Amino acid sequence: MKSKKALLITAAAFVVLIAGAAVLYGILTSGNSPELLSSANPSAEDSVSQDPSPSGESSQAQSGQADSSDEVPELQQAPDFTVYSADGSRAQLSDFFGKPIVLNFWASWCVPCKSEMPHFQELYQELGEDVHFLMVNMTDGSRETIDTAQEYIAEEGYTFPVYFDTDYSASITYGVYALPTTFFIDSEGYFAAYAMSALDMDTLKRGIDMIYTAQ
């Protein structure tokens, strides 16, 4: 019975993974996709694949070059989703429109995610009044729980806002299949750039510069 249940959970997770990847493919190949940023020194450890099985250990590199097209692409609206704070309060991406948004998907078991966290914390402390930092935890209830994520955040002393994707609304909507993944969204809710690898400070600043200009 347990093996049958585990098989059903794995199959369901695989369907979610494929559906999410299809959504992301549609967003990024629509002819008006945001710019792809890459870390300064991408390597095989720059990202970790989302494995449909909680016990999986698959990983892969994610990197790319910026789009050099001379044409100015039409802006693309960032789709809405619902996530939750630690106390269960509901939040939607659209609640944060009005200021630039840095949307990061992460998990406490993801080593590349951990490598970029100090950069997010530093810039959150510097720009947190003017830029929304949405650190969305990939909370599957097994490999990652609200408790394990909160424990990691507390241990490291991070103070940026953390939200939990407990019903997969954000990950499916954005087709997140590798961690970390970051989207840069302007104050009106349009994509400016994205990254599918761990970001160094310079690259993170470059993404933020694309959506925010200090007054």
Margin query: Any residue that is under 18 Å from Val83 (Cα atoms) and free of Cβ contacts under 8 Å to residues at least 12 places away in the same chain - is there at least one of those in the range 143-150?
Written below: yes
Check: Filtering the range 86-142 down to residues that are hydroxyl-bearing (Ser, Thr, Tyr) and part of a loop (DSSP other than H, G, I, E, B), which residue is surrounded by the most Cβ atoms within 10 Å (Cβ to Cβ)?
Finding: Thr139
Notebook entry, point to check: Any residue at all in the range 155-176 that is crowded, with 23+ Cβ neighbours inside 10 Å, in contact with a Gly (Cβ under 9 Å, 6 or more places away or on another chain), in a loop (DSSP other than H, G, I, E, B) and at negative phi?
Noted result: yes
Margin query: For the range 187-215, give me the residue count where each residue is modelled with pLDDT of 90 or more and over 17 Å from Phe120 (Cα atoms).
Written below: 6
Checklist line | In the range 187-215, the residues that are closer than 30 Å to Thr145 by Cα and either assigned to a loop (DSSP other than H, G, I, E, B) or without any contact (Cβ under 8 Å) to a residue 12 or more places away in the chain (or both) | finding: Gly189, Met196, Ser197, Ala198, Leu199, Asp200
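The values are calculated or read from the model by the stated rules, or taken from the named source; none is laboratory data. Just so it is clear, the model here is predicted, and its values are computed rather than measured. FYI the Cβ positions are ideal-geometry reconstructions off the backbone, even for glycines, and counts take in every protein chain you see.
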